[in-house]
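Accompanying notes for the structure given below.
Each reported figure results from applying straightforward, stated rules to the coordinates on display, with no laboratory input. Values in this document were obtained by computation on a predicted structure and should not be read as measured data. For neighbour counting, all protein chains shown are included, and Cβ atoms are generated from backbone atoms with ideal geometry for every residue, glycine included.
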Amino acid sequence: MIFGDSPILEPWFPPPQGDLPRPRWTQLLINGGVVCNSLEGVDWARQPVELLLCEGCWMVGCNMGNLTRIVALEEQLVWMRPDWEAIDPVVRDFIRPGHLLPEAVLLPRAVWDRLCREIPSLPAFEAWPRAARQELASLWLMEMPEAVRTADLAELQRRLRLVVAADPASLEEAVEAVRELIRWVAERLASPVAGRIVRTGGEVEPVNILYFDEPGFPEWPAYVAGPGHAFAFGREWVFQEQV
């Protein structure tokens with residue numbers, strides 16, 4: 001997950017198209033990489049949102065780059081890979097998984113509000129849908145090591161049989177804690193969540209790591225013990241539920 005607390009706005013002009021006047025675009029850079037190449041040109045109402053427009057025709061729906069689903073938490077926006085099956089089948093016919101946003105982006109509301117002041121055509125923070133349990137789970141699963149990653153909670157249940165160790169919790173405690181998170185999501189997939197993503201450390205309990213019986217013993221930082229449903233996203237981030 002990329003933390004977008006200090007993005008850079010960079011004005012530029014896409015390549016020319018004959019005698020047509022070139023639009024002035026503003027690209028959004030986070031950690032040195034271009035996440036969106038035209039904040040003005042993106043169709044923010046379209047789902048999934050296409051963050052990289054075609055530089056050849058300047059049109060939405062051509063390049064289909066960095067496709068993302070944008071949802072809101074408490075004072076935060078999350079840009080995440082959209083669920084493949086939720087994408088329009090017509091669109092799926094001519095894109096590949098490589099067209100999806102490669103890594104989730106976490107944007108503080110203060111940053112988005114500043115972008116809105118710079119680019120008045122951007123939707124207000126309140127316009128974004130609240131993240132649902134299913135979307136929180138999708139974000140969680142995307143942080144699994146590639147060797148054991150799955151996009152399906154039922155498949156995750158089966159893969160828990162491959163867990164051979166955990167730290168600092170015991171193996172039994174860790175597996176049961178993950179099963180409880182799966183049950184919580186499955187109870188109400190579309191139910192909005194209340195909370196925010198915070199850094200680990202400080203007063204946050206340590207992240208519990210699961211080790212799988214696969215080549216290289218893949219490590220999955222899965223959850224934090226304590227109140228609420230504390231999904232971990234790598235070793236640095238955890239969902240802090242309002243309880």
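To the nearest ten degrees, helix 133-142 and the longest principal axis of the Cα atoms of the chain are 90 degrees apart.
Over the range 105-175, the reciprocal of the mean inverse Cα-Cα separation, the Kirkwood hydrodynamic radius, stands at 15.4 Å. The antiparallel fraction among DSSP beta bridges confined to the chain stands at about 90%. The H on the amide N of LEU67, modeled in the peptide plane, is under 5 Å from the matching H of LEU51, LEU100, LEU101, each at least 5 residues off or on a different chain. The calculated FRET efficiency for ARG158 paired with VAL243, based on their beta-carbon distance and R0 = 25 Å, is about 0.25.
The dipole here belongs to the chain: it is taken about the Cα centre, uses +1 on the Cβ of Lys and Arg and -1 on the Cβ of Asp and Glu, and is about 420 debye. Only the Cβ atoms of Lys and Arg (+1) and of Asp and Glu (-1) were treated as charged; on that basis the dipole of the range 133-241 about its Cα centre amounts to roughly 300 debye. If the chain linking ARG114 and GLU85 were pulled fully straight, counting 0.36 nm for each residue of separation and taking away their Cα-Cα distance, it would gain 7.1 nm. Per-residue 3J(HN,Hα) values for the range 231-238, derived from phi via the Karplus relation 6.51 cos²θ - 1.76 cosθ + 1.60 with θ = phi - 60°, read 5, 9, 10, x, 8, 9, 10, 8 Hz in sequence order (x marks Gly and Pro).
With contacts taken as Cα pairs under 8 Å and at least 6 residues apart, the chain reaches a relative contact order of 14 percent.
The largest-to-smallest principal axis extents of the Cα set in the chain are 67, 37, 32 Å. Reported value for the range 2-127: 109 Å³ per residue, from the convex hull of its C-alpha atoms. Each of SER191, LEU160, GLY234 was scored by the projection of its Cα onto the charge dipole of the chain, and the greatest displacement toward the positive side belongs to SER191; charges sit on the C-beta of Lys, Arg, Asp and Glu. For the range 133-241, with equal point scatterers placed on the C-alpha atoms only and solvent neglected, what are the log10 I(q)/I(0) values from the Debye formula at q = 0.14, 0.19 1/Å, to two decimals? Per q value, in the given order, log10 I(q)/I(0) is -0.49, -0.94. For VAL34, no residue whose modelled amide H falls within less than 5 Å of its own remains once neighbours fewer than 5 places apart on the same chain are excluded. Helix 171-187 and the longest principal axis of the C-alpha atoms of the chain enclose an angle of approximately 50°. Only DSSP H runs of four or more residues enter the estimate; each adds -39500 (n - 2.57), and after division by the residues of the chain the mean residue ellipticity at 222 nm equals -5500 deg cm²/dmol.
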